[in-house]
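Working notes, structure below.
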Amino acid sequence: MNNGHPELNTDVLWSARLLEDDPDAIKASNRRFLESGANVISSCTYQASVDGFCKYFKATSDEAIRKIQRGVQLAHAVREEYLHDHPNLDVYPLVLGEVGPYGACRHDGSEYTGSYVNNLSSKELKDWHRPRVRALVEAGVDLLAFETIPAIEEAMMLIELLQEFPGTEALLSFTCKDGVCTCHGGSFREAFTRCMGSQQVVAIGINCTAPCHISSLLRSVQDVEHNKQLAVYPNSGEDWTCEEG
């Protein structure tokens, strides 16, 4: 979502920068998604974090929380405007609260390796994620999206964290380095089956993964009986770098 902001590709906050600098661009983008037939719009908070906003926006912790919640409020406003203009819709659009991995907010590409899980405990990761997840839940998202998760360890921690918010449901989507493994090296099949145990995880997905790997990854779980929705949204096949985005 650069909406005339190509500099976002290399920005440490990525599209979350727009929560402060250009909220109208977020609204315009979500409106275009709805006009194009989408039934889900997002909070634009994938790379938003309390410590990141404190550092780069010079915000207090409370101000950072409010900025994260602003993304949900913007999406709600767009939905209400769209429903007003289209009163006979068959599908009620959902507001998705985006939650990227710890590595995304480091802006060093580690969301594509998951290397940080080797050095951080589950408690440390959970304590870091909790404020942003709570902010999104309290702002009224319909569904959380834990996206681009590179490591099974972080996924299991997020499932544990989700239990602190009864009634909240989530999509949990992995990024994978080939047709078998997540980016950290764990088996995608293992990741998929371990997520099956959570009633709050209603969909399991693959994203930010080269298109050439998708079929193999899906075949690796085709014999697994499950009642989850599957979400697949690969990248364009390009590689990400800190310098070029």
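The values are calculated or read from the model by the stated rules, or taken from the named source; none is laboratory data. This structure is a prediction, so every number in the text was calculated from the model and none was measured. Note that each Cβ is placed from the backbone with ideal geometry, even for glycine, and that neighbours are counted across all protein chains shown. Calculation scope for accessible area: heavy atoms of the full protein, side chains included, ligands and nucleic acids excluded. Shrake-Rupley method; radii C 1.70, N 1.55, O 1.52, S 1.80 Å.
Computed values, structure above
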{"read-out": "Qualifying residue in segment 135-143 (condition: open to solvent by 20 Å² or more (accessible area, probe 1.4 Å), in contact (Cβ under 8 Å) with a residue 12 or more places away in the chain and part of a strand (DSSP E or B))", "value": "yes"}
{"read-out": "Single unsatisfied condition, Ser215 versus (1) open to solvent by 30 Å² or more (accessible area, probe 1.4 Å); (2) within 25 Å of Ile41 (Cα to Cα); (3) in a helix (DSSP H, G or I); (4) not hydrophobic (A, V, I, L, M, F, W, C)", "value": "(2)"}
{"read-out": "Output for segment 144-169, where each listed residue is in contact (Cβ under 8 Å) with a residue 40 or more places away in the chain and over 18 Å from Leu120 (Cβ atoms)", "value": "Leu144, Ala145, Glu147"}
{"read-out": "Leu89 vs. criteria touching a helix residue (DSSP H, G or I) at 6+ places or on another chain (Cβ under 8 Å), part of a loop (DSSP other than H, G, I, E, B) and either surrounded by fewer than 17 Cβ atoms within 10 Å (Cβ to Cβ) or not β-branched (Val, Ile, Thr) (or both)", "value": "yes"}
{"read-out": "Some residue of segment 55-63 being within 30 Å of Lys177 (Cβ to Cβ), under 16 Å from the mean Cα position of the chain (by Cα) and either open to solvent by 70 Å² or more (accessible area, probe 1.4 Å) or touching a residue at least 40 places away in the same chain (Cβ under 8 Å) (or both)", "value": "no"}
{"read-out": "Some residue of segment 111-127 being in contact with a Pro (Cβ under 7 Å, 6 or more places away or on another chain), within 21 Å of Ser61 (Cα to Cα) and part of a loop (DSSP other than H, G, I, E, B)", "value": "no"}
{"read-out": "Residue within segment 39-50 that is open to solvent by 40 Å² or more (accessible area, probe 1.4 Å) and either of a type in the set (Ser, Thr, Tyr) or assigned to a helix (DSSP H, G or I) (or both) present", "value": "no"}
{"read-out": "Exclusive hit being among the acidic types (Asp, Glu), at pLDDT 95 or above and in a helix (DSSP H, G or I), set Glu80, Glu7, Glu20, Glu98", "value": "Glu80"}
{"read-out": "Single match in Gly114, Gly100 (criterion: free of Cβ contacts under 8 Å to residues at least 60 places away in the same chain, within 15 Å of Ala151 (Cβ to Cβ) and crowded, with 17+ Cβ neighbours inside 10 Å)", "value": "Gly100"}
{"read-out": "Close pairs (8 angstrom Cβ cut-off, 6 or more residues apart or separate chains): open to solvent by 60 Å² or more (accessible area, probe 1.4 Å) in segment 173-202, aliphatic (A, V, I, L, M) and part of a strand (DSSP E or B) anywhere", "value": "none"}
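Every residue, every condition in (1) in contact with a strand residue (DSSP E or B) (Cβ under 7 Å, 6 or more places away or on another chain); (2) within 30 Å of Ser187 (Cα to Cα); (3) not polar (S, T, N, Q), yes or no:
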| site | (1), (2), (3) |
| --- | --- |
| Cys54 | no, no, yes |
| Phe57 | no, no, yes |
| Arg70 | no, no, yes |
| Leu74 | no, no, yes |
| Arg79 | yes, no, yes |
| Tyr82 | no, no, yes |
| Val95 | yes, no, yes |
| Ala104 | yes, yes, yes |
| Asn119 | no, yes, no |
